[in-house]
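Have a look at the structure below, then the notes.
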Amino acid sequence: IFARWSPLRCVGAAVLFGGAGAIGPALQSVGISWGYHLFNTVPYVLTLLMQLVMAYFLGGLIVHLGAATLTGGMTAGFFCWLAFVLTTQMVNHRFSRQPWSLTVIDGAHWLGVMLIQGAILGWWNSPA
């Protein structure tokens, strides 16, 4: 999704996320010891930003569906997980020959994420 099926964008995404994880140890290896731990947080900051993007679009979907209730938000989160997250994970895990147990663990994790985000966004957007 980040690269929109473009090989150059895939390389850019790999450099962004890989570089984010490697900058802290790289700075330590050249003798920069102050602040290196802040660079180790970059992958987590990027993850947080991507979660915010996901929540933004899920919230927009909930509002446009008119499902701005706790259960409506959870239902929207479930169907987004089923239609997009789980199917993408299954394809990716099969191509990378990951064990089914990993697919189940990752799928359950992302189901929880989508249900919690949907519940919060549905409850937050519900009319008082």
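The values are calculated or read from the model by the stated rules, or taken from the named source; none is laboratory data. The structure displayed is predicted, hence computed values, not measured ones. Methodologically, a virtual Cβ is constructed for each residue, glycine included, from the backbone with ideal geometry; neighbour enumeration extends over all protein chains shown. Calculation scope for accessible area: heavy atoms of the full protein, side chains included, ligands and nucleic acids excluded. Shrake-Rupley method; radii C 1.70, N 1.55, O 1.52, S 1.80 Å.
So what is the accessible area of segment 54-127 per residue, in Å², with the probe set to 1.4 Å?
With the other protein chains kept in place, segment 54-127 gives 64 Å² per residue.
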key: Principal-axis tilt of helix 100-125 within the chain, Cα atoms, nearest 10 degrees   = 60
request  = With everything on Cα atoms, drop me the angle between helix 70-80 and the longest principal axis of the chain, reported from 0 to 90° to the nearest 10.
outcome  = 60
remark   = Longest principal axis of the chain (C-alpha) makes with the long axis of helix 42-65 (C-alpha) an angle, in degrees to the nearest 10, of 20
query = Distance in nm between label sites at F84 and H64, each 7 Å beyond Cα in the beta-carbon direction?
reply = 1.0
inquiry  = Rolling a 1.4 angstrom probe over the protein chains, ignoring ligands and nucleic acids, what is the accessible area of H93 in square angstrom, nearest 10?
reply    = 20
ask   = Under the definition of Cα pairs under 8 Å and six or more residues apart, what whole-number percent is the relative contact order of the chain?
value = 27
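By accessible area of protein heavy atoms, probe 1.4 Å, what ranking do L65, L16, L8 get, highest first? Numbers along the way, then the final one.
Values: L65 115, L16 75, L8 145 Å².
Largest accessible area first, the residues go L8, L65, L16.
Report, to the nearest whole %, how much of the accessible area of the chain belongs to carbon and sulfur atoms, 1.4 Å probe, protein only. Kindly include the intermediate steps, with their values, before the conclusion.
On the way: 6860 of 9070 Å².
Roughly 76 percent, rounded to a whole number.
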